[in-house]
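My structure is below; once you've seen it, I'll send some questions.
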Amino acid sequence: QVHVTESGGDSVQPGGSLRLSCVASGYTHNPNSYCMGWFRQAPGKSREVVATINSDGRTSYADSVKGRFTISLDNAENTLYLQMNSLKLEDTAKYHCSVDTYITNFCHGRNPYDVRYWGQGTQVTVSS
């Protein structure tokens, strides 16, 4: 069974930084075929794809986080990261990691519901 575990969430002040990590186990990662990323969910807001990375060598970001967030993947350790800088109040949400062994519309079209494996999420709270 595939298990996806996120970590790194915390409560921070506006302008602060966090580094989220995602570890997926129970499957064999293929560096030539994957779609991974982060989506977030906050009360009263729509689910949103934050950032994606796939085996085509492409990354994508929501307009709201461009220039502030960076997604990266350590293929050797099968660990996905999201570096979050200059955090804003509106970044408050539970952040979930999504893992797939195929390039899906989660990466191609930023569909936040086209996910195969995902974790329980890690809470990021930005407040003054």
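The values are calculated or read from the model by the stated rules, or taken from the named source; none is laboratory data. Quantities reported herein were computed from a predicted structural model and do not represent experimental measurements. Every residue, glycine among them, receives a Cβ derived from its backbone with ideal geometry; neighbour counts consider all protein chains shown. Calculation scope for accessible area: heavy atoms of the full protein, side chains included, ligands and nucleic acids excluded. Shrake-Rupley method; radii C 1.70, N 1.55, O 1.52, S 1.80 Å.
What figure in square angstrom, to the nearest 10, would you give for the accessible area of Ile71 with a 1.4 Å probe?
For Ile71, the solvent-accessible surface is approximately 10 Å².
What's the magnitude of the charge dipole for region 1-98 around its Cα centre, counting Lys and Arg as +1 and Asp and Glu as -1 at the beta-carbon? Answer in Debye, nearest 20.
240
Now a separate question. Can you list the HN-Hα couplings for region 24-31, worked out from phi with the Karplus curve (6.51, -1.76, 1.60; θ = phi - 60°), rounded to whole Hz and with x for Gly and Pro?
10, 9, x, 8, 9, 6, 10, x
Given a 1.4 angstrom probe, I'd like the percentage of the accessible area of region 1-98 that is carbon and sulfur, rounded to a whole number.
Carbon and sulfur: 44 percent of the exposed surface of region 1-98.
Between region 48-90 and region 25-45, what is the C-alpha centre distance in whole Å?
The two parts, judged by their Cα centres, are 11 Å apart.
Under a point-charge model restricted to the Cβ atoms of Lys and Arg (+1) and Asp and Glu (-1), what is the dipole moment magnitude of region 71-128 relative to its Cα centre, in debye to the nearest 20?
140
List the residues of region 6-22 whose backbone N lies under 13 Å from a point placed 7 Å from the Cα of Arg116 along the Cα-to-Cβ direction.
Counting backbone N atoms under 13 Å from the label point, the list is empty.
Right, next: Suppose every Lys and Arg Cβ carries +1 and every Asp and Glu Cβ carries -1, with no other charges. What dipole size does region 31-87 come out with about its Cα centre, to the nearest 20 debye?
Rounded to the nearest 20 debye, it is 280 debye.
Counting each DSSP H run of 4 or more residues in the chain as -39500 (n - 2.57), what helix-only mean residue ellipticity at 222 nm follows after dividing by all residues, to the nearest 500 deg cm²/dmol?
One gets -500 deg cm²/dmol as the mean residue ellipticity at 222 nm.
Now a separate question. Give me the lysines in straight-line cross-link reach of Lys66: C-alpha distance below 17 Å, same-chain residues under 8 apart excluded.
Output for Lys66: Lys88.
Further question on the same structure: Going by accessible area, probe 1.4 Å, with all protein chains left in place, what is the ranking of Ser98, Ser25, largest first?
Greatest to least solvent exposure: Ser25, Ser98.
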